[in-house]
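Data first, discussion second: the structure below is written as structure tokens.
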Ligand SMILES: [Zn+2]
């Protein structure tokens, strides 16, 4: 029985002492091997006990069938000469965790592959405690790879993403060749970027960087020049498209306000509320205006989405916009045409498309679009260089969307480090393993 339990719970370097049923849970009493006791959680060295045994603690383990399962053990506090007084480390769990290692691996895997609510329900834990689990699992993975995780990066993108409803910023660095996130940190400043370039990358890795894409910030350009002398700086295509998306949203708001106002002005004034009496129906032009206002309403997501990803109902919404012949539809067309510049892999074709776009945007008489046109014109050469270096906009867009979705998922986390850990687990190469994919050797019982 003892052996089977150790096998089921993937326990190594520990002995099963007891098992009992408590309510709807199974509690398994365990203790580490004598040789594995009184270890410092920081350095793993065997230390003197600081005081007597504490009260028994519990660690949530993988469920046994439908029952929750806990491991129970009363750890001692140890006094490490280097790290001070800590609760001893146990072989089945990461330091400071109330969950076992296999349980945490499983939760982290679920957090990468499922929605928030699915994770919380299937694992029967609160969503906010998933953050701490992700952090510990990610730290483990990161420690295993070390600085080698940045080996072979050639073309990177530096970008910012907002969280906490746009009050805080994260710096994210993506690998364009693999379409993966490689680094993220809190803040958007010179110091944060310098930390990545100077401290995270080795000298060889810095010299290997060939292309850096970013938005137009001058300080990024200066730092990149200083630390990655071989890198060419180009305009991030995703950013250019996002300017146009912002303009599109601005035009949508203007149109919606104007349409609402026009519809209200055209509607006949009625003395009394309720159903209109005979001969007092709304005139047809007012109905038409109301319909135009309705067409603008609820188009936000359809407008910013790429043409190829639209659902049927979103397509219908755009068709309606087209039929009323609005400014908004023209702005949307210009946004899609700008995206097309980055979708063609051919440099000459891109140049032709971009110049054509600049011409049309300059004469479109939509103030917000003209603003973007000026910005794009100033960076025309940087943009074309991005195309000739074949930085795939689709890949950049997809990783950025994935980052945004994950940031939204992590809203419930109290700690930014936990959010970053979730981000890395979902968008980088550091993939959590399912506990049964890890080969855990079960040693003979002591
Ligand atoms: Zn220590």
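Every number in this text was worked out from the coordinates using simple rules, so none of it is lab data. Not measured: the values here are computed from a predicted model. Cβ atoms come from the backbone with ideal geometry, glycine included; neighbour counts cover every protein chain shown.
How many nm is it between the label spots at residue 375 and residue 297, if each spot is 7 Å from the Cα in line with the beta carbon?
About 3.0 nm, to one decimal.
How far apart, in nanometres, would the label points at residue 431 and residue 202 be if each is projected 7 angstrom from Cα along the Cα-to-Cβ direction?
Taking the simple label geometry, residue 431 and residue 202 are separated by 2.5 nm.
Roughly what angle does helix 127-145 make with the longest principal axis of the chain, taking Cα atoms, 0 to 90 degrees, to the nearest 10?
Relative to the chain, helix 127-145 is tipped by roughly 70 degrees.
Starting from 0.36 nm per residue, how many nanometres of slack lie between residue 221 and residue 113 once their C-alpha separation is accounted for?
That works out to 35.3 nm of additional length.
Taking the simple approach of a point 7 Å from Cα along Cα-to-Cβ for both residue 17 and residue 67, what is their distance in nm?
Each label point lies 7 Å from its Cα, and together they span 1.9 nm.
Please report the Cα spread of region 1-94 along all three principal axes, rounded to whole Å, starting with the longest.
In descending order, the Cα extents are 44, 23, 19 Å.
Per-residue counts of other Cβ atoms within 10 Å, averaged by peptide: what ranking do you get for 383-389, 318-324, highest first?
Ranking, from highest mean packing down: 383-389, 318-324.
Work out how much length residue 349 to residue 310 would gain on full extension: take 0.36 nm times their residue separation and subtract the Cα-Cα distance, in nm to one decimal.
Gain on extension, residue 349 to residue 310, equals 11.5 nm.
How far is helix 367-378 tilted, in degrees, relative to the longest principal axis of the Cα atoms in the chain, given as a value from 0 to 90 rounded to the nearest 10?
Tilt of helix 367-378: around 70 degrees.
At q = 0.09, 0.13 Å⁻¹, what is the base-10 log of I(q)/I(0) for the chain according to the Debye formula with one equal point scatterer per Cα and no solvent? Please give it to two decimals.
One equal scatterer on each Cα of the chain leads to -0.77, -1.16.
For helix 327-343, what angle does its Cα long axis make with the longest principal axis of the chain, in degrees from 0 to 90 and rounded to 10?
The answer is roughly 50 degrees.
With a 10 Å radius around each residue's Cβ, average the other Cβ atoms per peptide and rank 103-115, 191-203, highest first.
Highest-to-lowest ranking by the protection proxy: 103-115, 191-203.
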